[in-house]
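Here's the structure, in structure tokens; my notes come after.
Every read-out reported here was derived from the displayed coordinates using simple, explicitly stated rules and does not represent laboratory data. Given the structure is predicted, the values throughout are model-derived calculations rather than measurements. So basically every Cβ, Gly included, is an ideal-geometry build from the backbone, and we count neighbours across all protein chains shown.
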Amino acid sequence: MNRIGFLAELERLLADMPEEERRAAVQYYADYFADAGEEKEADVLRELGSPRKVAESIKSDYYGTEFNESEFDQKNCMEKYGKTSGCKKEKSEEDSRPWTSGKVKLLLIVLIVIAVWPVSLGAAGIVLGIVASVVCFFAGLVIAAVCIMIAGVAVAGMGIALFVIPPAAMIVTGVGLLLFAVGLAATVGTVKLCILVYPAMIRGFVNLCRRPFYGKAV
């Protein structure tokens, strides 16, 4: 197998990944081969192992799953590849992992969470406080803009009530209409700003919560 065959097989094995991620991964290894040069192509192939091993490593990193490198026979992988579908060796009873390993990891995670609970609680309180402040700040901008608009209506109404004094009525009514226009423009602007900011905050919070479980934000 040469560089071209390796990259073609790698791209085929990554077919179930998003196109952008797949292209980036294949381009990374293409650049790796290019940096090494043709004279070291065989050394790079031996170093990387089979395309299936590399593909499984990429997928595990992308989807946040566990990659067991011991399942791949690195010593004779390049000799076997072409006769088998991916240089993946059979597990024996000695190589198989204990079924309790998952429970042990879960127990360790629970113990760590309990140990750092006071710190985690304080950090969570700070984050929630910041989020609440940002939410209230933008909501306050909307409320202030609406209040200016309402004040403009009230002032304009007072100006109309002063119809017995035409000059004063015109001035007060003009000020009221100006306040109403400014308040209306500010209300529209702040509402649009909230429409942009609030969904972005929600997406950021969801990605932050997903990262410990999936390794990457989605």
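Numbers for the structure displayed
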| read-out | value |
| --- | --- |
| Computed E for A154/V191 - FRET, C-beta separation, R0 22 angstrom, nearest 0.05 | 0.55 |
| Simple spin-label estimate for V110 and M170 in nanometres, 7 Å along Cα-Cβ | 8.1 nm |
| Pairwise FRET efficiency - S57 versus R23, Cβ, R0 = 22 Å, nearest 0.05 | 0.80 |
| Listed peptides 160-169, 49-58 by packing density, highest first (mean Cβ within 10 Å) | 49-58, 160-169 |
| Length released on extending from I130 to M1, taking residue separation times 0.36 nm less the Cα-Cα span | 40.9 nm |
